[in-house]
Amino acid sequence: MNVHDTEKVVGTLFQQGYSQVETPEEAGLVLYNTCSIRDKAEQKVFNRLQNFKKAGKDKVFGVLGCVAQQEGEKIFDRAPHVSLVCGSASYPKFGDMLVQLEAGNRHVTGLSIDTDETFDTPFTRRDNPHRAYITIIEGCDKSCAYCVVPFTRGPERSRTSESVMQEARRLAAEGYSEIQLLGQNVNSYRDPSPAGWDFATLLARIAEVEGIRRVRYTTSHPRDFVKPIVDAMDENPVLCDHVHLTVQSGSTRVLAAMDRLYTRDDYMRRIDWLKNAKRRYSLTTDIIVGFPGETEADFQQTLDLLDEVQYDSLFSFKYSPRPNTSALQMEDRVAEEEKQRRLAIVQEKQRAIQIRRNAEMIGDQKEVHVEGRHHSLNQWIGRTTDNRTLNFSHPEADGLLGKYVNVRVTRSGPNSLVGEFTPAA
Ligand code: 5AD
Ligand code: SF4
């Protein structure tokens, strides 16, 4: 999501006549797009800003994104060489802010969060010529006890289906064949126009756009992940064989404390829909260890869940206390060393699962979308519909980027597969 935010900001810069340089040293304007989901990400921003405190006399600095929204004008005190502080909800006004900077204003802010503006993004400068992001919903109306997002990205705003469809058709016409729909919680998408499409309907329609061969989406909240989404996916293989369904914990008690609005059983029902579906979907998730009050027994339930679901991959994090969130007041903090221990156990268990699951794929034929090339290895980098990296050998040394190629898997590791090109039979 942040990568795509950067694409929107860079697009506006180009549109206003700016150009991009190779290094921050060469730049007249340096913008930091920031994340505050965990404390570590936030600290990084202030460390980086320090790097330029002395050397950046002739430069203009701006802080964008969630740290900007969260810290607001305090950033001007903490880093006086910063001239612009702007949260993501204000990006529609980013062009005006540039004009203010150019006029010499050294205290420009965009911190309003109750924006009603629809977010058409006409100037987006996309990094990848074959795979494009489309934001369908911004903000979040949930209130998970650990999470800063509702404070930094504001309330939910869905984009009209017409605007989303137009962007998808335009991208297809420009040669993009893969689309990734983005939102903090895509499943609660609700078309604000009279058509009133829900997320499953939007998915089905995007998949029908001529020229689009793959559609992905992220991220899914289990509470809003309803059966019609699985049915839509089953109907049309353009909708990729992958679901990222964030669980956070395997303990119903911890899920309640997190205010996640589902139990472990509710979650497992959704996993069952996916496991009983027409195709085999790869399943991935996010896990937090060491949430306040998480006991050894709760943690064991998370480990059991990993055994039960057999995820294809996961992201795992140590709980990090965030400003404004309700978990900040909770007692029974888990000690840092204990969080670290639990994190290591989760990662080790998952690694073993991935080694086994990936090894099962040896011998399979898979279609990959070619994304890059490892020149030193003489290998192409491909991605499968189920979101695995599959590196492969091919007689051609160029011209494959963006193409779809059949590959037979010959080797596997914990995080990727290796294979060789096989001509279609
Ligand atoms: N501490 C640790 N992990 C967090 N996440 C969100 N907030 C926190 C926090 N305070 C994780 C969740 C979420 C992912 C994007 O980041 O697992 O799904
Ligand atoms: Fe944060 Fe919960 Fe919203 Fe996800 S659903 S962005 S974890 S508040």
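Tabulated data
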quantity: Semi-axes of the equivalent ellipsoid for the range 1-123, Cα gyration tensor, largest first, Å; calculated: 20, 18, 14
quantity: Å³ per residue enclosed by the Cα convex hull of the range 333-425; calculated: 122 Å³
quantity: 25 °C / 0.890 mPa s Stokes-Einstein diffusion coefficient of the chain, Kirkwood radius on C-alpha pairs, µm²/s; calculated: 105 µm²/s
quantity: Within the chain, helix-based [θ] at 222 nm, where runs of 4 or more DSSP H residues each add -39,500 (n - 2.57), nearest 500; calculated: -10000 deg cm²/dmol
quantity: Gain in span if fully extended, D307 to Q15, counting 0.36 nm per residue against the direct Cα distance; calculated: 100.1 nm
quantity: Any cysteine of the chain lacking a neighbouring Cys Cβ under 4.7 Å - listed by number; calculated: C35, C66, C86, C140, C240
quantity: More than 22 Å apart - percent of Cα-Cα pairs taken over the range 154-252; calculated: 27 percent
quantity: Rounded to 5, percent antiparallel among DSSP beta bridges of the chain; calculated: 35 percent
quantity: Net dipole in debye of the chain [+1 Lys, Arg Cβ; -1 Asp, Glu Cβ; about Cα centre; nearest 20]; calculated: 660 debye
quantity: Selected from Q16, Y91, F46, residue furthest toward positive end of dipole (the range 1-95; charges at beta carbon); calculated: F46
quantity: Cβ charges +1 (Lys, Arg) and -1 (Asp, Glu), total dipole of the range 40-182, debye; calculated: 780 debye
quantity: Ascending count of other beta-carbon atoms within 10 Å, so fewest first, for S251, S416; calculated: S416, S251
quantity: Ranked list, fewest to most other Cβ atoms within 10 Å of each Cβ, for D231, D332; calculated: D332, D231
quantity: Reach of K53 by Cα under 30 Å, taken over lysines that are not fewer than 8 positions away in the same chain; calculated: K8, K40, K44, K74, K93
quantity: 14 Å Cα-Cα reach of K318 towards aspartates and glutamates, excluding residues that sit fewer than 8 places from it in its own chain; calculated: D39, D286, E294, E336, E337, E338
quantity: Cα-centred dipole magnitude for the range 192-240, charges only on beta-carbon of K, R (+1) and D, E (-1), debye, nearest 20; calculated: 200 debye
quantity: Rg to Rh, two decimals, where the range 225-358 supplies the alpha carbon set and Rh follows Kirkwood; calculated: 1.00
quantity: Which of Y281, Y32 has the fewest Cβ neighbours within 10 Å, and the rest in rising order; calculated: Y32, Y281
quantity: Geometric extent, Cα atoms of the range 58-173 - Rg, Dmax (angstrom); calculated: 16.1, 47
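Quick note: the coordinates plus some simple rules give every number you see, no bench work behind them. Since the model is a prediction, treat every value here as computed from it, not as a measurement. With ideal geometry, Cβ positions are generated from the backbone for all residues, glycine too; neighbour counts draw on all protein chains shown.
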